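The values are calculated or read from the model by the stated rules, or taken from the named source; none is laboratory data. Computed from a predicted model, the values in this text were never measured in an experiment. For neighbour counting, all protein chains shown are included, and Cβ atoms are generated from backbone atoms with ideal geometry for every residue, glycine included. The protein model used for the area step is the full one, side chains on, heavy atoms only, and it has no ligands, DNA or RNA in it. Shrake-Rupley method; radii C 1.70, N 1.55, O 1.52, S 1.80 Å.
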Amino acid sequence: MHNSSLQQLSAALRSKKISSVELTQLYLDRIAALNPQLNAYITLNPETSLAQAREADARIATGNAEALTGIPIAQKDIFCAQGWRTTCGSKMLHNFVSPYDAHVISQFNNAGAINLGKTNMDEFAMGSSNETSHYGAVKNPWDTARVPGGSSGGTAAAVAARLCAAATGTDTGGSIRQPAALCGISGLKPTYGVCSRYGMIAFASSLDQAGPMGRCAEDLALLLNTMAGFDERDSTSLQRDKEDYARDLAKPLNGLRIGLPKEFFAEGLSSDVAQAVEAAIAEYKKLGATVVDISLPNTRLSIPVYYVLAPAEASSNLSRFDGVRYGYRAPDYGDLADMYEQTRAQGFGEEVKRRIMIGTYVLSHGYYDAYYLQAQKIRRLIAQDFTEAFKQCDVIMGPTSPSTAFKLGEKGDDPVQMYLSDIYTIAVNLAGLPGMSIPCGFGDNNMPVGLQIIGNYFDEARMLNAAHQYQLATDWHSRAPQA
Amino acid sequence: MSLSIDDVKKVARLARLAVSEQEAQAAHAQLTSIFDLIAEMQAVDTAGIEPMSHAQDVIQRLREDKVTEHNQRELFQSIAPQVEAGLYLVPQVIE
């Protein structure tokens, strides 16, 4: 049962083969057995989850069930959920029990889904390995000596180890796609503005976007149908007609034009990842797609641009954590300024402090033009690269990450090495485009490889179609680690 | 450009982060390597390029000027570090 797709689970619930209470308990039992090794969850409230499951069973009995009614979904601990401790992976919020629901959470609640628990993550979503979490590193279920990726590493590990039916993530520079790739699952970052950021703890607001993570593209479509939608409480939420992201899943891929950016296959890409991605492209050709060579010339600049813009926005967003209204306050302090300084020095971890300092510096008097403004100008050049590319192709494909999952501690002391691992994902956030990762094979040491699919604005249905057709022809997405 | 230890301490103060001498030294080494990475940007000719602050060209929505939030002071203050009589308590600022 724990290997079933969401549609299969939904059918089993409606036909009373299993109740939501039984299904929720099944996942809670798996979590109790496997989470101690993986550390994928920060907070569990079994009684709350089971109470939601009883309500879902009652709703199913009345015949008012929706696609996700009764299905246990894990939530990244960046989403505020009323009555749930919401830590964002930080000591700063170790005691923060949210008084309200994020829009994404209320969308799941309205659909009758079960909140199974809050998943581990890099502190304030700043990291690519899940090692910056105050609650300990998450282990990759394929090899517990390796990282799951980040920042949505707890979610990726939980989905891969079948410790939930599906889950949510957020992606500011690759935080859905990279852990999805490293854990062998599917994940989608929608077009910026598709999912409301209300109640999603802010990192870099012009880049942050919530999205679904699950076992297959078909599951992602169902999840996105629930997560997406206009919300007036997010000033950048887009007012668009509701769409069914599953509508094109069954379409054949004849004539699909796939752009392959030469910069994604250049120096720095591991040969095992290159091999798996090239095999996936060959499979797409068999399915009727054609391939076009394209160029995204400013790809390399996306890293410096991102590490100016994201810390700048973060330094502003994280100024709200001051020890006054909620969260951590230092036990000993002198005057007000000392209370702020001690609280923030003790409440934030090293990576978060580093990024706050970078952001403060690039925004400070005398440096704004050279750093922040220059980065915003290059951001436009990066976005224009994609506009040009999409004149020649329908989707862009390439690797999600330059290597498979690395060992815990391997890049811990060198932030620059860690930053460089986001080379293929960051530009997508800067442009605001949708991007996804699906499993496409295994590399050295039998670790999963992810294929990245980048679409044009609002082209999620086409990307999901391309992913689903590939998953009908291959079985990489149904491989699961040995428990 | 090169970052000095004093720059690091000044930035930490602006960001309201207490740093010890040792922490400032460690941060200095790491921030220097990060700024070396960022320096790649400086070689790019961006004359005439409009800065891009946002992914979508959307206009800020306006709403009617009417009350939409109700008072939830007790709920919100129930999670505050220190409150008294409906007020958040901080060290004295005005003598």
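For residues that are assigned to a helix (DSSP H, G or I) and in contact (Cβ under 8 Å) with a residue 60 or more places away in the chain, scanning just the range A:164-179, find the one that is farthest from A:Gly214 (Cα to Cα).
Looking only at the range A:164-179, we keep the residues that are assigned to a helix (DSSP H, G or I), and these are A:177-179.
Narrowing further to those that are in contact (Cβ under 8 Å) with a residue 60 or more places away in the chain: A:177-178.
Numbers: A:Arg177: 11, A:Gln178: 14 Å.
The selected residue is A:Gln178.
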**Fill in**
Given (1) more than 7 Å from every other protein chain (Cβ to nearest Cβ); (2) more than 22 Å from B:Thr32 (Cα to Cα); (3) open to solvent by 50 Å² or more (accessible area, probe 1.4 Å), A:His365 misses just (2)
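Any residue in the range A:195-205 that is in a strand (DSSP E or B), open to solvent by 10 Å² or more (accessible area, probe 1.4 Å) and either farther than 25 Å from A:Asp143 by Cβ or among the aliphatic types (A, V, I, L, M) (or both)? Before the answer, list the steps.
Residues of the range A:195-205 in a strand (DSSP E or B): A:200.
From what is left, the residues that are open to solvent by 10 Å² or more (accessible area, probe 1.4 Å) are A:200.
Remaining after also requiring either farther than 25 Å from A:Asp143 by Cβ or among the aliphatic types (A, V, I, L, M) (or both): A:200.
Yes; the residues of the range A:195-205 include at least one that is in a strand (DSSP E or B), open to solvent by 10 Å² or more (accessible area, probe 1.4 Å) and either farther than 25 Å from A:Asp143 by Cβ or among the aliphatic types (A, V, I, L, M) (or both).
Quick check: is even one residue across the range A:274-284 in a strand (DSSP E or B) and modelled with pLDDT of 95 or more?
Within the range A:274-284, none of the residues are in a strand (DSSP E or B) and modelled with pLDDT of 95 or more.
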**Among the candidates A:Val273, A:Val291, residue that is touching a residue at least 12 places away in the same chain (Cβ under 8 Å) and within 24 Å of the chain's Cα centre (by Cα)** = A:Val273
**Prompt:** Identify, please: which residue in the range A:34-73 is in contact (Cβ under 8 Å) with a residue 40 or more places away in the chain, in a helix (DSSP H, G or I) and more than 23 Å from A:Ser10 (Cβ to Cβ) and is, among those, most open to solvent (accessible area, probe 1.4 Å)?
**Reply:** A:Gln37
**Asked** Among (1) of a type in the set (A, V, I, L, M, F, W, C); (2) modelled with pLDDT of 95 or more; (3) surrounded by fewer than 24 Cβ atoms within 10 Å (Cβ to Cβ), which single condition is A:Leu238 missing?
**Response** (2)
**Residues satisfying the stated conditions in the range A:74-97, i.e. of a type in the set (Gly, Ala, Ser) and buried (at least 21 other Cβ atoms within 10 Å of the Cβ)** = A:Ala74, A:Ala81, A:Gly89, A:Ser90
**Message:** I'm trying to understand the selection: among the residues of the range B:15-38, which are open to solvent by less than 50 Å² (accessible area, probe 1.4 Å), closer than 28 Å to A:Lys377 by Cβ and more than 7 Å from chain A (Cβ to nearest Cβ)?
**Reply:** B:Thr32, B:Phe35
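Could we say that B:Ala55 is modelled with pLDDT under 95, within 7 Å of another protein chain (Cβ to nearest Cβ) and open to solvent by less than 50 Å² (accessible area, probe 1.4 Å) here?
Spelling it out, B:Ala55 is indeed modelled with pLDDT under 95, within 7 Å of another protein chain (Cβ to nearest Cβ) and open to solvent by less than 50 Å² (accessible area, probe 1.4 Å).
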**Complete:** Within the range A:321-359, the residues that are in contact (Cβ under 8 Å) with a residue 40 or more places away in the chain, surrounded by fewer than 24 Cβ atoms within 10 Å (Cβ to Cβ) and at the interface with another protein chain (Cβ under 7 Å from one of its Cβ atoms) are A:Tyr326, A:Arg354
**Request:** Restricting attention to the range A:376-421, report how many residues are within 14 Å of chain B (Cβ to nearest Cβ) and modelled with pLDDT under 95.
**Result:** 11
**Message:** Just to be sure before I move on: is A:Leu182 at pLDDT 95 or above, open to solvent by less than 10 Å² (accessible area, probe 1.4 Å) and within 13 Å of A:Met436 (Cβ to Cβ) in the structure I sent?
**Reply:** no
**Fill in**
Over the range A:285-320, the set of residues crowded, with 23+ Cβ neighbours inside 10 Å, hydroxyl-bearing (Ser, Thr, Tyr) and either closer than 30 Å to A:Gln471 by Cβ or more than 9 Å from every other protein chain (Cβ to nearest Cβ) (or both) is A:Ser302, A:Tyr306
**Request:** List the number of the failed condition for A:Val97; all other conditions in (1) more than 25 Å from A:Val324 (Cα to Cα); (2) out of contact with any Asp or Glu (no Cβ under 9 Å at 6 or more places or on another chain); (3) β-branched (Val, Ile, Thr) hold.
**Result:** (1)
**Selection from the range B:73-93 of residues that are at the interface with chain A (Cβ under 7 Å from one of its Cβ atoms), within 17 Å of A:Thr86 (Cβ to Cβ) and either of a type in the set (Val, Ile, Thr) or part of a loop (DSSP other than H, G, I, E, B) (or both)** = B:Ile79, B:Ala80, B:Pro81
